[in-house]
Every structure is written in structure tokens, then in C-alpha cells.
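A short write-up of the structure that comes next.
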Amino acid sequence: MIAALRKRSWITTVILLVAFAAATLFAAKANFGLQSVITVTAIFVVLALSLDLVAGVVGLYSLGHAGLFAIGAYGTTLLARDLHLNVFLLLPIVIIAAALVGALLGALSLRVSGLYFAMTTFIFTIIVYVTLSNSAWTMGLQGLPGPLFPNFPRDVQDIFGRSVIWAVAAVVLITIVIVWSIRRSAFYPVLLAVRDAEPYARANGVRTSLVKVGIFALSAGLAGMAGWAFSFLVYQSPGQFGWVQSVNLLVMVIIGGMNTRLGPILGAVLVGIFPFVVKIDPFLQEVVFGAVFVIVVVFFPRGIIGLVDLVVRKIRSAMGRGTTAVPTVEPVAVAPAASAATTRGGDIALSAKGIGFSYVPGVPVLRDIDMVVRRGTIHGLIGPNGSGKSTLVNLISGELRPVQGEIELNGDRVEQLSAPSRPAHGLMRTFQSAVLVRELSILENTTVGLYSTVKRIAARSVIWPLLPSARRDSRMLREKAGAALESVGLQKSWHGTQLRDVPHGVEQLTQLASSIVSDPSVLVLDEPLAGLSGAEVTHVAEILHRLRERGVTVIVIEHQTRFIFDNCDDVTVLAAGELVTSGPAAEVRANARVREVYLGQ
Amino acid sequence: MKRIIPVVTAIAAVTALALAGCTGGGGGGTTDDTIVIGGIAGTTGAYGAVGIAVINGSQMAVDEINEAGGIDGRQIEFTWDDDAADATKSSQLFQQFVSDGAVAILGSPDTGPTTAALGDQMQIPVLGAVDDGGLTVYPNGPDEDPFAWTFSTSLNTFAWGGKLAEWSIDNCPNGLAMLHDPTTYGLGGLAGFEQVFKETGHDFVYVESITENWGSGATVNLDAEIQKIVDSGASCVDVWLTPGDEATFVQEIASLGITDLKVLGNDVTNADATFTDLAGPEGDGVISALLTSDVHPNDRLLEWQGQYRDKFDGLEPGPFAELSYDAVYILKQVIEDADGATDPESIRAGLNKLTDFEGLTGSLSFTEQVHTTINKEQLTMVAWNLANKKWEPIE
Amino acid sequence: MLQVLLSGLTVGTIYGLVAMAFAVVFYVTKVVNFATGQLLMVSILLTAGLVRLGLPDWLGVGIALIASTVLGVIIYFVAVRPVLKFDRFSFAWLVSTLGIAIVIQATFAIIFGPASQPFPRGLHQIPVHLPGATLTVQEILTLVVGALAVLGWELVRRKTLVGKLGMAISTDPEIASTFGANVTAYAVGAFAIGGFLAGLAGILVGPITYGNPYLGDTYGISGFIALMIGGIQRPAAAMGGGLILGVLSIAANSYIGAQASDWFPFVLVLLVLLLAPNGVFASGDSLRKLFRRRSSLTVGGRA
């Protein structure tokens, strides 16, 4: 079955490639006029795809793409003119130059917010434009023609037509392969998690800032490559690289459909050929052009692809398909595999000594907290609201760093390490309210939990479907994630459901599955029962006991004291930022101060 | 998601086919019966009027020639489009017209550097209103070679700069200040001034370039510039900016109560009514140069202007219409002289030999070195007379 | 020196008013209305056109201001409301407001022609000589109107119930609507004020420029840059950004060179963005909060 599927996908790929080559041949032998429309549109396609990679996939609305495009185009033209470098040598040079500029821009601007990133990149484009228009080196506003692309030898040209068309086609193909590969890779769910669920991604070991900068650099490199090809096609002047162009690209992506495989391509084609297809009075043409923007976005906010999707769904439901029975959560049936985690640190899984923390100097949130978590126990952490238990969990999981004290995790000092480094030390955590990726299936969400176990996932993602090792990894990820989901009681029928369509309990269980899928030795659960029904609470308790049987150390923060005292071996109690007591559950329960401060007796 | 791929692929394919049908299916190109000429001009935007004049002037010549039997019996097919003053669009149109079989491209008054450079690259003659001549045709300055395939019948910034420079030497005792825009338009004017100043040992009292917005015609704030010009002590100032900004300039100096500064213009100042309309009363007395043929129109030009108004619903003719009309007739003569040969090389050779062609804009010639028809000897100094609503010759 | 300062403040007030028009809309709806510059153009061109038809200046100005205000509201209903209704956090408004900007611009180019039209010079013809500087009455009026706009806005925002509810909506429309605030009415109000401020800027800048359908982009972008210098969260701060941009452009022009005003403001903005990411006048970090909330709401909305 799988073999047949793969065979079919290979056939599809081959057919698409042949069609692409045929289209290129057609274009390469077409007349100049048709060629110029096709090639410029193709450049827009590359730019729109590269922009969607940052805007759609990781949620960064770059308005710097025109500037990065200019680096590619002007870089090629000026270096070819002044240094007489070979145009093929210039390709890697301008790609790397644009990527480096993108990385720098991203590193400088990504520390605050998405809108800030949009503004900084917007100003970047303006500065590039102003520099191009005021410099004698770039011929100012007058502009300059690009280098000539070397022709095929005469007899080759007779068969294959104009060489530059093949160069443009190669640029388009490379971009499509890279962007579509990433979309099919195991890295894609991780990228969406970076966009929508940053704390979740960090807790799973993803260095989100690095990922954002890296993706923006890649996207910038693709824009630089588009510029390289563009330089052979048309005369260049600063006006083609202004902020309006940046906005145009974003328009193409949104009109076509953000974060879709074909949306950016359709958007670019629509905008690129519009003036050549709609041949009316130029002023009226502008009116129609603007009106199309409004109409598409108002009626189909998810773009042309959204519209197509809608139509397809309508047809399918008219054909009587698409209604599936609501699956139920099964009791835990599958015995989890034995924990693979080989751990150091002996009987002590985690210890915190003398922890002090404050957001504002002089106003301590936590004072002098000591806590020891024994290996293979369920350790409860309780305290009234504002007692500092969430802060303590954030210190343990690396979201915050303590002002004083030390934290030892499996024998290693970790208090100065960031959150994404925790999974490598065997710690995973969940969040109070599940923050996962709504447009992914629960299986895909769970695979994010395995991020730190897959080697060089980011680097391999750009050619993912072509790598046998990557296909193996994809299969392994799905199998492990599936097993983890089943181990928390979510049967196969659930796995393909999009997260946005599942009830809250299932979402919480998905989060739990993704936190245990990589076999951590220490698991931190932040209020795992919030919003669960009575039956679901029993279900979670059962899962925790099974995890303990496997030797996993579990730290649970919970309001429901009954749950804590019924299920935990040890309990730590905080109040007003101070430690009340910490020890075996029975002792803590008997502690007079606990009864007084927390249990209200 | 997977299911929609075939659907979308189909849509994409249909779009591509439609595109191929739309652009690929054009006419038969230049044949034994027809000669295709391409026209590129910015007919939208704040200065779209210039592009419209270029297209109208060319169209008028084409219609006349076709009615009179064409060029050696071959009809002219004039195909044009708006370049929206955008280099990408201009490049695309250029390539499209060449593949439609155009023997020459007329224009563009808005993307001249693009059409001139592409003419050289694709070896196709570029003729007519190629920006404002000057640096667009001679990219490396007036003393260097012009673009080999570009032949401008357009207003020539070198000519206007030179003519105004000569006048300023005699009439501005404390020298001349200049404010120009940084495109080939302003830099061409500057080069025209510099050439005359260098020959006669003069120099500017003050010169500054200032970026403008041709797309919107929006005004920059000129107060700081005006202050610097007044401080320089110059008795005249040449304002080589958009007509809108030149109008703002004369109004601002009036607002500031400055009366002892003579304002000079450029080739566009009186190419249409934009400047005089906008400047209002403060435009009175502004000095510029005008084609002698426009100052003292002969009967043929007067008659032509009447026909132009009739044909285009009373639209006022101007030099850009006249010189574009001339360009088409020049092309006709060159093709006829070459016994109907329309290959690019023959046309270029013919244009290089054009001598004393009697056009609306004067007696026009090209040589290997001279690729602009209008030089400063064809110009007359004029001043705007508000009372008569006329540009009147001055000494 | 004084001349540079005063000229800069005058131009800056225009930029500031456009920036305020952006900011008022953003304040309530979290939408950047890319047609703001076109609203300025509408008021200039309508005034120029109506006066040309023989209407008195004041009537032309009045009609133009009403038109830009109404058009602002129309933009909300046509291009913004449907998009926000679908998804309050989508960025699709970028495309729809830009689209409507193109439609307005091209429509006015068809009606009025692409060429520039003279604008009544009015008060700009009367110079006022100060020691060390010359201003016109129009420029003084500009400064006064700018100051009134900021004062009026701040008074309404802080002292009236309407303003306080507006602040609540600005912080969280969903919570605000639960205690009875009519979010739609506030959005309409914001677009109306935005249209009015942009129209006002047009009337004030008209006498030193001309009526032209393509003016919108030029002043729209200047206003947008002013917005970023000042900070997008608070309309009063946006005016401050305009003043800074105006004074520094004129100063760059006077002391560095004419073309310095091309790059100087942008380098300045880049510095501002790198050093004070929320704008020079912004104190709080509501923007950061907005974007944090965005991610938590779009993703874990049911918590």
C-alpha cells in the first residue's frame, strides 16, 4: 500500500517535471514579448514563494523583500560591470550576500515583535532605494542595463531556444523544490509551532530566534537569487525595488493564499499578467486592479486557494462524504515502552537550592527555595495563587533564570541554560493551557516533541523528500508520535484530526503525548487538569502512574489538592514566594502550617 | 489539501493558455503590406499629459500617412502602451513590440534611459521623444558618444541649458544659482550650463540638486533652498525641477517678499500649460527658451495645430506632439530612401545620414555623433506675459 | 535657526496630522489604513475642483472635509469590516485598504485628469515677519490646528466616558464589548476621525502644493514614517513623530544638503527602531502585549 503510494507520488513528480520542462521549452522558443511577460512573472513567483516562507510559515511579515531583491539584481549587474565576474560565479555571491543581509536584519529586528520586524524591514527597503537612487556608482535614478546572459552554442540554441529562459526556469524550480520540501518535511510542524506556539516550541528544544533568523536568511537568499535572474531580463532602475514592490509581493501572497503550496504562485501570476491580459484604458485598468484586491480579500479572506478549497469542500459534501463519527478517548490500553533514558544524578532527578527570583530588583517573587525531587516519583507542587509555583516551574524549565541559587537536573547544573536546551538534559514540560498549532493534526503536533531527537532537521528540510534518511525519519516520527498518542489513550482515528477540531481534553492529552514522546526522564506538568472532566482526570492520573512505572520522574503543579495528595509521592508547598514545606505526601498533609496556609484549616 | 492540486493545476494551465493566447496571437508583424512601429509613453501619472501628447502626435502622423497610401504602399501599424513610468513595464513592452515585428520604437518620454539602453542591447532603432534628449542620449556627457541606436527628436536638455547659460552670462550681473533634480533631466540641464560656462570661463554662484517626485508631482519644501539661494547673492536662479515645483518656487519667493531674483526655467516649463496654470500671477516674467518654430509659427505649423485640436477634441498641441509627429515622418523618409528596407541596420544607417529634414520643429539632421535634432541655435529666449497669456520673445 | 525650526514644525504638523490619522484608526481597530494618504488627496483635489467651479473657498473646504470623513467611513465598511469579521487578527486589511487606495486614486485621475490643479492660495499669501524668521498666516494656522488636534484628542480620551471606553476597546475589544461598548460604533468613529484628520492635513498643505490624484502616496508615506518615529500606539505621540521628522528634514536640508532630506529621516527611523523599538514617545509596551495576545488567542483561544 505504502509502496504503491510512493510509486504514485514518484510518477506525479516525474509528470510535473516533464510538464515544467516542456513549458520552459515553449517559453524559450516563444517570442520576446511573451518571454518577457513569462519571465518577469516567474521572478514574481520566486519572490512570492520566498516571502510566503517567512510571512506564511513563520508569521514574519517582511517588507524588506524588495530591498533583498535589489541586492541580488544590482549586485549582479554592478559586479559584472565593474569586476567582469562570470555570471554563474555571481549567483552564489549574491545569494550569500542577500542571505547575510537578511540574517543581520533579522537578528537586529526580531527581538521585539512581528510588527516591529515589518517596520524595520520596510525602512530597510527604503534605505536601499534611497542609496540606489543617490549613488553615482549605481547610475542613480537613471538606472542601468544588466549583464548579458551567455547564449547556448548555436546548435544547442536551435533545439532549446533562449538560454536565459532556462536559467529563470532553474531558479523557479530550485525555489519550488526548497519551499515545497520544507512544507513536506518534519521541520514544517516545528516552524508552525515557532509561529503560533513559541513557548511550546522552546520547551521542545527549538531555538526559536535562531530558526526565525535562519528562515528569513534563507528567504532573503531566494530573493537574492530572483534578483540575479531579473538582472538579465530587464533594465534596472531604483523604482523597481521600492517599498511599493515589497507591498506588492505581500499582496500576491495574500491574494493567492498564505501558507499554501500554490497560493503564492497563483497570486504572482495574477498580478504579473494582469496588465497584459486586461487591455483597457490605463486608468480604468488601475480601478479594476484595485477593486480585484478588495473583492478577493473581502469575499475570500484566505485568497484564491481559500476559494478553491471552499468549492472542493462543497462538492465533496454534496457527494455525501466528509462526515466522520466522533472518536472517543479510549482507556489507556497500550503499555508504554520501557524508558530509554539513561540518566545520571543518581536518586536525585532534580534539585533546587536557595532559589531567589525577582522581576524588579527589591521585589522578590521567590525567596530561598529548596526542593529535592527523587527519581521515579510523582512530585506535587502546590500553593495558593501568587505563591510563585508557576515562576518556579519557569525557572526549572528555563523560561526564566534565577537571580540566586542553583538548579541541578540529572546531575548537571542548568540554571543558566535556556529553555530549548532542557530537552537535551532529559526534561520536558507542558503548559497550563495548551498552546499548540491549530492548523496541524494532533499527530503532527505531537511530532514537534521529537524535534531534539532528529539530527540536522533544519538543514535537511530544504531537500527533505529527496533524502532516503529523511523519509525514514518522517516514518519514525509518525510511528513514535502515534505510539505516544495511543499511550495517552488517543486512538488512531484521532491522529489525523486537525487540532482546531478537537475538544479541550484531547488537546491537553496531545500536549501530554508530545511531552513524553521523546522519553524524557523528568516531566513537568503545569496544571494538566485545567478544564478536564472527572473521567478525564482519572484518565490522566492513570497515565501518570504508568509513567512512574517506567521510571519517569513527574513534577505536577495542580490546584486540586485531592488529586495531589492521592497521587503524589512527595509534595512541595509554596506560599507568598517562600517554601512552606517539602517532603513525603503524608507528612506534608499533616503539617500544621500547610493546613493553616493552604488547606485553610 | 491533496485533492485540490489537480484542480489548481488545471486553473493554472488554463491561465497560462489564456496568457499565451492574449500575447502570442498578435498580428503578422512587419510584412510586405504593413510596417509595425511600437510606441512607449507614460500616459498616466501626474505628467501623463506629455505621454498622451507623444502618442497623439505619432498617431496623427500614422493616420495621415496611411490615408495617403502608406510608406511605399505599406500601411503603418502603430501599436503603443502605457509604461506607467516603470522600467520593468517599459522593458516588457519594448520586448513585446520587437517580437510583434516593430521596426523602430518611439519613446519613451518617461523611461528614456530604459528604451535607449534596450535599443542598443536589442539593436533596434529608438526614435522620437526619448526623455528630454541630453544625458538620456549621451549617457556619458555631451562630449562622448551617444547611444548608437537612439535618435531623439525630443526637447534637448543640453540645448536649453546652453541657451539659458548664454543668456544668464549677459543678464545676471551677480551670477546664477541653480536648483535641479537628480535624474537625467536635471543633470542634462546642468551639463548644458556647464558646457557653456566652461567655454566662457564662468561658474555657478550656487548649485544644488534636490530629489523630486515625478509620479505625484508633489512639492518638496523649498524654503531652505530659497534661503540659501538668497544668501548666495545670485541675481538669477535656474529652477530645473518639475513644472509643479517650479511654480511652487515662484510662489514661495513671492510669499517671502523676494522681488529681486530673476527666475529661469527649463525645456518643460513651457512645453505645456502645467507651469503657467499652477504658478498663477506669480509666474509673470519667468524666463525660458522656446523652439523658434513655436515662437514664430509658420503657416504649416498653425494649420497643423488646428488639425490637431480638431482631431483630439480641442486638446492643445505642444512640442511633444509636434516632435513625435516629426519622428514618424522621419522614419517614413528613411525607409523610402532605403527603397523600402525595414531591417534595423538600414534604418539606423538612414537615420545617421538624415540631413535638413523639414519638420514642424525645424530643420532636423542627425550624424554619427549627433543623435539629437534640437540644438541651442533653434531656440529663442522667451518670458511669460501674464496679461497676454503668452510666452513672448525677449532680447 | 528659528526659520529652520518654524518651517520644520509647520511641515512636521502636516506629517503629524497624517500620522495621527493612521494612529487613531490603529488605536481602535489595530488596522493600518493604507488609503490614508488618498484621503488627504481627496480633500485637496475636491477643494481645488470646487473652487475652480466657482464655489467660495470656505464652502469648498467644508465639502472636502466632509467628503474625506465620509470616505474614511466607507473604507471601513467596504474594505475593513468584512475582513476583520472573518478573522480579527488577519492581515488581509493590508491588501484591501491598499486596493481601495488604488481605486480612489485612479477614479480621481479619471474625474480630474492626471495633471495638477492649482489650489486656492488663501492665507498663504499673507506673510508674518518675526525677528529672524518669516511665516505665513497659513503656516501659523497649521501649527495651531496641529496643537488643537492633539489637545482635543487627549482631552476626549482621558476626560470623557467616550474616550475611556475607547481606551478599553483599544486594549481588548472582546472584554470591552462584554460590558456594553459598541465596538463597531467606535471603529466607525475612528475611521471618521482618521478621514477628517487626513482631510484637514490636505487643506492645510494645499496652498503650498497642488491638487493631484497621485499626491496620496507622497504624503501617506511621510505620515507613515512619522508614525513609526513617534510610535504607533498613541495618536498624540504620532504627532510628535511628525514634528521630529519635519524639523530634522528641514535641518538636514539646511545644514547637510538638499538631498540629505532623502536619507536622513530614514536613517533616523532605523536608529529609532534599533534603540527605542516602540517609538520615541511610547512609554508602555502595548504593542508587545498586542502581539503576545495575538499568538495566544489565535492558538490557544479556548483556555
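The numbers here are math on the coordinates, done by the rules we state, and not lab data. What you are looking at is a predicted structure, and each value in this text was computed from that prediction instead of being measured. Using ideal geometry, Cβ is built from the backbone for each residue, glycine included, and neighbour counts are taken over all protein chains shown.
Given R₀ = 56 Å, what would the calculated FRET efficiency be for residue A:421 paired with residue C:185, taking r from the Cβ atoms and rounding to 0.05?
Efficiency, rounded to the nearest 0.05: 0.65.
Only helical DSSP H runs with n ≥ 4 go in: add -39500 (n - 2.57) per run for chain C, normalise by residue count and round the 222 nm mean residue ellipticity to 500 deg cm²/dmol.
Dividing the helical sum by the residues of chain C leaves -24500 deg cm²/dmol.
Take the cross-link list B:353/B:390; B:163/B:390; B:311/B:390; A:212/C:85; A:389/A:455 and give me the ones stretching past 26 Å between alpha-carbons.
B:353/B:390; A:212/C:85; A:389/A:455
Using a Gaussian network model of chain B whose springs link C-alpha atoms within less than 10 Å, name the residue from B:46, B:289, B:321 with the highest mean-square fluctuation.
The residue with the greatest mean-square fluctuation here is B:46.
Return the FRET efficiency for the residue pair residue B:199, residue B:368: r is the Cβ-Cβ distance, R0 is 25 Å, and the value is rounded to the nearest 0.05.
0.60
I need the per residue convex hull volume for segment B:110-238, using only the alpha carbons, in cubic angstrom as a whole number.
Cα convex hull per residue, to the nearest whole number: 98 Å³.
Using just the Cα positions, wrap chain C in a convex hull and report its mean projected area in square nanometres, one decimal place.
Reported value for the Cα convex hull: 16.7 nm².
I want the local charge near residue B:282. Using Cβ-Cβ distances under 14 Å, sum +1 for each Lys or Arg and -1 for each Asp or Glu among the other residues.
-3
Suppose the Debye formula is applied to equal point scatterers at every Cα of chain B; what is log10 I(q)/I(0) at q = 0.10 Å⁻¹?
Debye output, listed in q order: -0.66.
Across peptide C:260-269, what mean number of C-beta atoms from other chains lies inside 10 Å of a residue's C-beta?
5
Between residue B:313 and residue A:535, what is the label-to-label distance in nm when each label sits 7 Å out along the Cα-to-Cβ direction?
About 7.6 nm, to one decimal.
Take the Cα atoms of segment A:368-492, find their three principal axes, and give me the spread along each one in whole Å, biggest first.
For segment A:368-492, the Cα extents along the three principal axes come out at 54, 31, 28 Å.
List the relative contact order of segment C:2-302 as a percent without decimals, with contacts defined as Cα pairs under 8 Å and 6+ residues apart.
In percent, rounded to a whole number, it is 36.
Place a point 7 Å from Cα of residue C:52 in the direction of its Cβ. Which residues in segment B:246-279 have their backbone N less than 17 Å from it?
B:247-248, B:272-279, by backbone N distance to the label point.
Place the peptides A:389-395, A:44-50 in order of packing, highest mean first, counting for every residue the other Cβ atoms within 10 Å and averaging per peptide.
A:44-50, A:389-395
Mind telling me which of B:201, B:359, B:45 comes out most flexible in a GNM of chain B, alpha-carbon contacts under 10 Å?
Judging by the Gaussian network model, the answer is B:201.
Under unit Cβ charges (Lys, Arg +1; Asp, Glu -1), what dipole magnitude, rounded to 20 debye, does the protein assembly as shown have relative to its Cα centre?
8600 debye
With springs only between Cα atoms under 10 Å, which of B:122, B:178, B:381 fluctuates most in a Gaussian network model of chain B?
Maximum fluctuation in the GNM of chain B, among the listed residues, is at B:122.
Compute the distance in nm between two label points, each set 7 Å from the Cα along the Cα-to-Cβ direction, one at residue B:68 and one at residue B:123.
Once both label points are built, they end up 3.3 nm from each other.
What would the Debye equation give as log₁₀ I(q)/I(0) for segment A:437-519 at q = 0.12, 0.20, 0.24 Å⁻¹, counting only Cα atoms as equal point scatterers?
The calculated log intensity ratios at q = 0.12, 0.20, 0.24 Å⁻¹ are -0.34, -0.85, -1.09.
Shielding by partners for A:133-140, please: the mean number of other protein chain Cβ atoms within 10 Å of each residue's Cβ.
Taking all residues of A:133-140 together, the mean is 3.
Whole-Å semi-axes of segment A:9-292's equivalent ellipsoid, largest first, each the root of 5 times a Cα gyration tensor eigenvalue?
Semi-axes from the Cα gyration tensor: 29, 23, 20 Å.
If the reach is capped at under 22 angstrom between alpha carbons, list the lysines near residue B:228, excluding any in the same chain fewer than eight residues apart.
Qualifying lysines at Cα under 22 Å: B:262.
Excluding residues fewer than 8 places away in the same chain, name every one of the lysines whose C-alpha is closer than 26 Å to that of residue C:159.
C:30, C:289
Which value, in nm² and rounded to one decimal, describes the direction-averaged projected area of the C-alpha convex hull of segment A:180-325?
The directionally averaged projection comes out at 13.2 nm².
Would you calculate, for chain B, the mean residue ellipticity at 222 nm contributed by helices, counting each DSSP H stretch of 4 or more residues as -39,500 (n - 2.57) and dividing by all residues, to the nearest 500?
-14000 deg cm²/dmol
Mind checking which aspartates and glutamates have their Cα closer than 19 Å to the Cα of residue A:314? Skip sequence neighbours fewer than 8 apart in that chain.
Leaving aside aspartates and glutamates fewer than 8 places away in the same chain, those within reach of residue A:314 are A:501.
What is the Rg over Rh value, at two decimals, for the protein assembly as shown, using alpha-carbon atoms and the Kirkwood definition of Rh?
For the protein assembly as shown, the value is 1.03.
Provide the FRET efficiency to the nearest 0.05 for the residue B:389-residue B:260 pair, computing r from the beta carbons and using R0 = 22 Å.
Rounded to the nearest 0.05, the efficiency is 0.30.
I want the local charge near residue B:235. Using Cβ-Cβ distances under 14 Å, sum +1 for each Lys or Arg and -1 for each Asp or Glu among the other residues.
The answer is -3.
In what sequence, highest mean first, do C:56-63, B:129-136 appear when ranked by Cβ atoms within 10 angstrom?
Per-residue Cβ counts within 10 Å, averaged per peptide and sorted highest first, yield B:129-136, C:56-63.
Which of the three applies to segment A:5-50, rounded, prolate or oblate, going by the alpha-carbon gyration tensor with a ≥ b ≥ c and a/c under 1.5 meaning rounded?
oblate
In peptide A:277-289, how many Cβ atoms from other protein chains are near each Cβ within 10 Å, on average?
Per residue, the number of nearby Cβ atoms from other chains is 6 on average.
Using DSSP loop states and a limit of at most 10 other Cβ atoms within 10 Å to flag trypsin sites (Lys or Arg not before Pro), what is the longest stretch of chain B containing no flagged site?
Maximal segment without exposed cleavage sites: B:3-388.
Work out how far the C-alpha atoms of chain A reach from end to end along every principal axis, then list the three figures in whole Å, largest first.
Principal-axis extents of chain A (Cα, largest first): 91, 60, 45 Å.
Sticking with the crude label model, points 7 Å out along Cα→Cβ, report the distance from residue B:343 to residue C:177 in nm, one decimal please.
Between residue B:343 and residue C:177, the label points sit 7.3 nm apart.
Taking 8 Å as the Cα distance limit and 6 or more residues as the minimum spacing, I'd like the relative contact order of chain B as a percentage.
After rounding, I find 17 percent.
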